[in-house]
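Written below as structure tokens is the structure these notes are about.
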Amino acid sequence: MNSSSVIKAPIAGCMRWGKWGAGFSTKEYRQLIDACLENGIRSFDHADIYGDYTTEAEFGEALKEMPSLRSELRIITKTGIQMVTPNRSYHEIKSYNTSAAHIIQSVEQSLKNFGTDHLDLLLIHRPDPLLNPTELAGAIDHLKQQGKILQFGVSNFLPQQVDMLMNYTSVEYNQIEVSILQLTAFLNGTLENCIKHKIIPIACAPLVG
């Protein structure tokens, strides 16, 4: 792993920047991105579903106004959940989807949303009971070879789920919910598993937000 591409704390969580929260304008996105950079925050955490599939594109509109900043940012996004929303009416039920076709299509859409040629880190948003590790690994390796994702990880995966996936592809990060009110990762072997595999843990919602 190139040390210059490693995702480092602090990380700005963008879930509530758009429709699911503040509803920022493009100007406000730009101002907040600038403020983050001025304070040493260079990594931004997204998911394809945030804002009912709208927040990535809103963030991307702000980036279009300051393209020179892209090299300073580390863009994280997540995929693997299918939500039923007006702009995804073909999703009949909320479900998980970690098929190669879905992962590749989701990455292509995220690249378009952000107006970039690569994602610094792609995470699988939740464990999928029907996950096919061979198929998923093939998709991840394909996307890495094309330079469309630089690093790969998971979110909220248990130690045994990580162990299984590590037999098929390299898992570099595990984003886990950790806060004063959520200490499960300290008790169920998740952090020890990260140490075992040299996986970088990312704390999700550390301020219980």
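Bear in mind that the values in this text are calculations on the coordinates, not laboratory data. Predicted model only: the values in this text are computed from it and were never measured. For neighbour counting, all protein chains shown are included, and Cβ atoms are generated from backbone atoms with ideal geometry for every residue, glycine included.
List of remarks:
- The simple spin-label model puts a point 7 Å past each Cα toward its Cβ; for residue 89 and residue 145 those points are separated by 3.8 nm.
- For region 36-115, chymotrypsin sites (Phe, Trp or Tyr not before Pro) are listed when DSSP marks them as loop and at most 16 other Cβ atoms sit within 10 Å of their Cβ; the list is 90.
- Peptide ranges 25-38, 73-86 listed from the most packed, as the mean C-beta count within 10 angstrom indicates: 73-86, 25-38
- Formal net charge of residues neighbouring residue 24 (Cβ-Cβ distance under 12 Å; K, R +1; D, E -1): +1
- Proximal lysines relative to residue 19, as straight alpha-carbon distance under 21 Å, when same-chain residues fewer than 8 apart are discounted: 27, 64, 78, 94, 112
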